[in-house]
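Undergrad: Got a structure for you, written out below as structure tokens; questions coming shortly.
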Amino acid sequence: MVNLGGFIVQLKVNGVSRQVASEWQNENLLDVLREHFGLVGSRYSCGIGQCGACVVHVDGAPLSSCLTPVGDVADKDILTIEGLDSPNGDLHPLQQAWMDEDVPQCGYCQSGQIMQALALLQTNPTPTDEDIDVAMSANICRCGTYERIRKAIKSAATVMQEVG
């Protein structure tokens, strides 16, 4: 619920209802997630939506949170990397695959990479190398771990299909 008269922007982040003072409604979602809610998994990098480090899901679709005014996502479902863990603490298959394949080097871009990979697997559960390359092309890894990213996505896809 957005109170335009003034005081509250209501967000639903990782299944939890949260409030932000209305003076923050024009701030970007990334800053609100990090500064107000302490959800620091999404990272600030380029600030112009071209690197993918800040990707979160809004109503199931990947979105560059550095470009999105928080008022634009009021009352929508926002999923961050912190929301992927299961209630019992198990890692999401993508997170586990990232670890199993030793994907991260510096790790800075990895939350955005995982969130973009999740979007891919939700629409294409059996991606080819080309599908992965196209879907992940907007996510930059300065360490160049693209081969391991591709391998981790394929591994997670297999696990996700087995689990159903």
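Undergrad: Just the residues that are open to solvent by less than 20 Å² (accessible area, probe 1.4 Å), in a loop (DSSP other than H, G, I, E, B) and within 17 Å of Gly15 (Cα to Cα), please, taken from the range 43-83.
TA: Scanning the range 43-83 gives Ala74, Thr80.
Undergrad: Give me the pairs: first residue in the range 94-108 and of a type in the set (S, T, N, Q), second residue in a loop (DSSP other than H, G, I, E, B) and open to solvent by less than 40 Å² (accessible area, probe 1.4 Å), beta-carbon distance under 9 Å, and six or more apart or on different chains, which are they?
TA: Listed by first residue and then by second, the contacts come to Gln95/Leu84; Gln105/Cys141; Gln105/Thr145.
Undergrad: Let me ask you something else. Leu94 passes all but one of (1) surrounded by 18 or more Cβ atoms within 10 Å (Cβ to Cβ); (2) closer than 16 Å to Leu30 by Cβ; (3) not β-branched (Val, Ile, Thr); which number fails?
TA: For Leu94, the failing item is (2).
Undergrad: Okay, next question. Determine which single condition Gln113 fails, assuming it passes every other condition in (1) under 18 Å from Val58 (Cα atoms); (2) in contact with a helix residue (DSSP H, G or I) (Cβ under 7 Å, 6 or more places away or on another chain); (3) at pLDDT below 95.
TA: With respect to (1) under 18 Å from Val58 (Cα atoms); (2) in contact with a helix residue (DSSP H, G or I) (Cβ under 7 Å, 6 or more places away or on another chain); (3) at pLDDT below 95, Gln113 is out only on (3).
Undergrad: Which residue, of Tyr108, Tyr146, is of a type in the set (Ser, Thr, Tyr), open to solvent by 20 Å² or more (accessible area, probe 1.4 Å) and either in contact with a Pro (Cβ under 9 Å, 6 or more places away or on another chain) or closer than 20 Å to Leu39 by Cα (or both)?
TA: Being of a type in the set (Ser, Thr, Tyr), open to solvent by 20 Å² or more (accessible area, probe 1.4 Å) and either in contact with a Pro (Cβ under 9 Å, 6 or more places away or on another chain) or closer than 20 Å to Leu39 by Cα (or both) holds for just one of Tyr108, Tyr146, which is Tyr108.
The values are calculated or read from the model by the stated rules, or taken from the named source; none is laboratory data. Everything numeric in this text was worked out from a predicted model, so none of it was measured. Note that each Cβ is placed from the backbone with ideal geometry, even for glycine, and that neighbours are counted across all protein chains shown. In case anyone asks, the SASA skips ligands and DNA or RNA and just uses the protein heavy atoms, side chains included. Shrake-Rupley method; radii C 1.70, N 1.55, O 1.52, S 1.80 Å.
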